[in-house]
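Below is one structure, written out as structure tokens, with a few remarks after it.
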């Protein structure tokens, strides 16, 4: 995790064609950019080319505010590319949405405090007061908008939340056991930028009380899944999963406890990959660079 | 795996009541049986007591052909027990059902040959000729009954198979990637005695082509599941599961290959546990003793 | 994790002999104790019998302050038992020893705060001021005694620490990346009651900088190990281990980060088992009940 | 594992320098080679660049018997490259060395027979007659040279073996639990081309009886390690490792059984990676392409 200030990261995909790697690497090399990372992958099934390339901006002859134009003009149209350009000196800004359970929140904040997450966390949002004390322990503003049982004020609440997101320049949202369904408007505003943690090994046990479902079914392994939120419940692109072995001695209650440890680690891995701009999403599947 | 000839194994469950452990252990001790294994578990959720106890028959004062009577009279009725009594000098007899893929078959036969499986394998049954050469390599009779595409002869085939099972004194059946649905008659004849290997992490991806389903969904981990066959497809009590991590670089084809290694190990673990009489089934869940 | 107040837990080992299980269960049943947990194991290699038994004190006819006497008189001498008796309404009291890294400390305190650890944490001890802010976030007294580079004041420091342990009625100590070697006096005062987390898969990579050693050796998997501290460095009875897969792309720095997640989970699992009185130690090996 | 006939694979490493990727990809593209795989990695710690690139030979304008010359002249000297060139239509030829245990041998032969290993296996070599029946089951010539207890004929035996290797055009050797130490002469003849399976999680438990060592130490996880053989015992570059969780209930005997499953899978994964030319070795560490 050596600190590299001043690099540009280009994530892209396009129909597979000959010569793309050469073209892109030549573009960077010819303009005196030093490539510090390159990984690519061809999905032969769908005929799609995926790439992540990172280069040092120091000495790069194209000014950083022109790079996007160059890529767009020289390559994007020609190759039919979808691409994303990031600069590592611009920190992602994360909003944390929580409800009543503290484990994922504590885990992310402890990592943040220890310097493991290279982002800003300007706000924590909740529909309950329960975790305000955690936010206060870490000195992060905590906003509560209660959603009524009949959801009658849901739109209003989300508008207030979206307003906060805009004011704080939030670039991505993490639902750290938020327990509420996010509406389509917010999902559209943050496409592939809302990360959820689901407490099962998806696609098994979609929806409510997955640990109880797992216990009922008598599985021997339970899991947790982090994914980008889409409009279909628990069906968005999977970023990370992990599992732990259980036995018949486990009860729904011990599954909940064991699952918490999975949720923390799976969510934090997904958040890290997102912050490092290492995830591409295509056809509801993620391509995760190492 | 020290060899212990001459032990009796009692597997039982009943409504949880005080004093059962004491009663059972006293029964064995008072009759000069040396207990070599005891494990028990109370499922507090359902209020059920599960136990596996094993004792040496040498010196045990009750003749082996009377033990069943004693247990029945003294305990089974009184405590509402469901119980199973086994003697380790009576080897389980396994019938292997296969189709076209060799990996599980080879794996089980190699273990059998190396002395890892304490059972007899008097026959291999298939609906195809493809794996006859494997059976011949190991000198085990191979029976083929082709099932017609329209399944019009399915009943007839199964009657022939059941006849073979009876003739060979088969105590349990292993579907080593058999790829056919077993009918209710056979399931009733072998309740919790037909072990299947399903090539997914159940209950995800039930039914056909689970690796393709998994690839399509973009999961990051795949699994395999061995379970007892019940009349509901892929829904019987799970005996064992295992998983392996995959990445976006995997194709449906590489998933098939990685999955094979899971299938072999998961199936063989389930078969071993069954042979060692370490599985109790209750409410569609298995209780597996160590 | 249902709460059971008022139970007694007996942990014991002794030379394997016939009838012990029956004797012990009869003792409890005859005195109207309801057994809620029983697990036993015979190590045939060494001929040793291990047992953990737990029963409800409500209705038990022997007064709790006499139970120890009864066990001692009736069984301990006769069977050559080593045994430990606990009551679940007496909470273990943990002292946390830390140095400069916050991850294990945060993890344990977040669990404690969430009610996952059924113990008291009256104090945190360190040789550095660095983590005082964490202790303050959680409102736990933080004591610093600096150990000089030449260790000239080590004895003095440990005496002050031991004094604190006594004052606070500490029953066990957790070295949460303490980075100091504990002296023999403290180990003797807390035999099998000091839990350390070592950041390698022991016995590989004993001593300093294990992640660098692992990287140098080119292993494909790294691990973490929690163990009771004995006078031989990193050689005490292992309580728990876990591992994570790495690749050639990992650097010593990323190993440190990945390892942190292991350390947290491995240490917290060990601490939980200790708090629940589920660990017996014999011949430098642990026997861990489920 | 789609079949791609007619591709060339170039594996290389050299001091990290700007522009290498561009140069190599340009060389292939300019000569009308279609790149079907590219992966590279920079080890910043040692400043070394690693690459694996694969391209279709059909349409490639440089004749295949000249490719080596071109690479040598154009790049190898200039960049200080160590490189290896393979053609996928030239199958690797594996010699299997075995002793008395059948599990790894069966596993590899079953995979070979099922088409999982894209290589030839012209011979099996042993110092014992024990496994001749397995070789015969699969119709592969089995050669026995007994090594005397005093090793007095070891040189003579190895000369006979080396002679066989040459006659059969063996490109790599797999020690499938061979249990003999290979001499320096053979190692020199097959540098990074002799794959061993060691039945422990190296570097823990080097040498004899690792499962007994593991049991003695009381570890909670055991492992297996495949590595290239070097002159230092069990210290060669690690290719693959895997682990399985154990408990205090395991005995040295059950560890041996559980370990066998690890050995099979770890060895077969290493053999596959070797056959697919996906391993580079540098500084006693392996770089394994995906």
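Each Cα pair under 8 Å and six or more residues apart adds its sequence gap; the mean of these over the residue count of chain C is a relative contact order of 15 percent. The chain A residue nearest the rotation axis shared with chain C, using its Cβ and rounding the distance to whole Å, is A:137, 2.
Here each label is just a point 7 Å from Cα along the line to Cβ, and for residue C:31 and residue C:231 those points are 3.7 nm apart. Counted over the protein assembly as shown, the DSSP beta bridges are approximately 70% antiparallel. Given the options C:227, C:248, C:199, state which has the largest fluctuation in a GNM of chain C using a 10 Å cut-off (strictly under) for Cα springs. With Cα springs under 10 Å in chain C, the top fluctuation among C:227, C:248, C:199 is at C:248.
A point 7 Å from Cα along Cα→Cβ stands in for residue D:61, and the other copies hold the same point at 2.6, 9.8, 10.2 nm, listed in rising order. For chain A, the longest principal axis of the C-alpha atoms and the axis of helix A:252-275 are separated by about 20°.
Annotation for residue A:153, label-to-label distances across the other copies: 5.7, 7.3, 9.2 nm (shortest first, one decimal, point 7 Å from Cα along Cα→Cβ).
Length gained on full extension, residue D:87 to residue D:254, computed as 0.36 nm times the residue gap minus the Cα-Cα distance: 55.8 nm.
Between the helical axis of A:154-167 and the longest alpha-carbon principal axis of chain A there is an angle of about 40 degrees. Is any residue of segment D:83-124 close enough, with backbone N under 19 Å, to a label point placed 7 angstrom from the Cα of residue D:180 along the Cα-Cβ axis, and if so, which? Flagged as within label range: D:94-106, D:122-124.
Counting beta carbons within 10 Å around each of A:211, D:86 and listing the fewest first gives the order D:86, A:211. Counts of other chain beta carbons within 10 angstrom of each beta carbon in peptide A:279-288 average 3. Angle of helix D:103-113 to the longest C-alpha principal axis of chain D, folded into 0 to 90 degrees and rounded to 10: 40°. The alpha-carbon atoms of chain B define a convex hull whose volume equals 148 cubic angstrom per residue. Per residue of peptide D:34-44, the mean number of Cβ atoms on other chains within 10 Å of the residue Cβ is 5.
Just from its helices, what would the mean residue ellipticity at 222 nm be for chain B, if runs of 4 or more DSSP H residues each count -39500 (n - 2.57) and the sum is divided by every residue, rounded to the nearest 500 deg cm²/dmol? One gets -9000 deg cm²/dmol as the mean residue ellipticity at 222 nm. Roughly how many Å is it from the Cα centre of segment A:39-73 to that of segment B:134-193, as a whole number? What the calculation gives is 58 Å, centre to centre.
Taking R0 as 22 Å, what's the FRET efficiency between residue D:58 and residue A:45 from their Cβ-Cβ distance, rounded to 0.05? Calculated value: 0.55.
Placing a label point 7 Å from the Cα of residue A:284 along the Cα-to-Cβ direction, the residues of segment B:229-272 whose backbone N falls under 18 Å of that point are B:248, B:252. Here the contact order of segment B:139-290, divided by its residue count and restricted to Cα pairs under 8 Å and six or more residues apart, works out to 18 percent. Centre-to-centre, using Cα atoms only, segment C:198-219 and segment B:206-254 are separated by 35 Å. Based on C-alpha pairs under 8 angstrom that are at least 6 apart in sequence, segment C:16-139 has a relative contact order of 18 percent.
For residue B:183, the distances from its label point to the matching points in the remaining copies are 5.7, 6.7, 8.2 nm, ordered from shortest, with each point set 7 Å beyond Cα toward Cβ. Note on D:100-112: average number of Cβ atoms from other chains within 10 Å of each residue's Cβ is 3.
Laboratory data are not the source of any read-out in this text; all were calculated from the coordinates shown. What you are looking at is a predicted structure, and each value in this text was computed from that prediction instead of being measured. Note: ideal-geometry Cβ built from the backbone for every residue, glycine included; neighbour counts use all protein chains shown.
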